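S.K.: What follows is a single structure, and I will ask about it in a moment.
Readers should treat all values here as calculations from the given coordinates under stated rules, not as data from a laboratory. Everything numeric here is computed off the predicted structure, so don't read it as measured data.
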Amino acid sequence: MKENLKKLLKSKIFLALTLSIVVALGLTSLSVYMYVSSGVSKLDLSLPQYEQIRKEVEPNTPNDEFETTGPINQDVINEFMKLYEKEQKQLQSNSAFDNTNLEDDALRLTPETQATPPTQ
């Protein structure tokens, strides 16, 4: 019995399995730590404490999207330019290195809010 245990402990397969389990546990622990400490977990609506907010989310809200198929004429180009300029203004109002870009309102994560430019 002791000899079988010694052989098992010396075998390469046992060492490989043990090492892979330890590495998997270590990487999983590291990723969960980074997920919580970086603040990304605050954006996750699948967390149990956000159950009420999930109920308030409307999945079929209309978006200002450009139709990618169809004829190309001056009306279509004008519509595209209008949508493009709207998005461009919104992007230019954000500072690239401002922490407020990651707030819920700026990312449009709160119900019925439009993206708000950060305060400077």
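S.K.: 5 Å is the cut-off here: which amide hydrogens, built 1.01 Å from N in the peptide plane, fall below it relative to Ala106, excluding neighbours closer than 5 in sequence?
M.R.: Excluding prolines and chain starts, which carry no amide H, the hits are Thr116.
S.K.: Can you list the lysines whose alpha carbon sits under 22 Å from that of Lys2, skipping same-chain ones fewer than 8 residues off?
M.R.: Lys10, Lys12
S.K.: Near Lys86, which lysines are there with a Cα under 29 Å away, not counting those fewer than 8 places off in the same chain?
M.R.: Lys42
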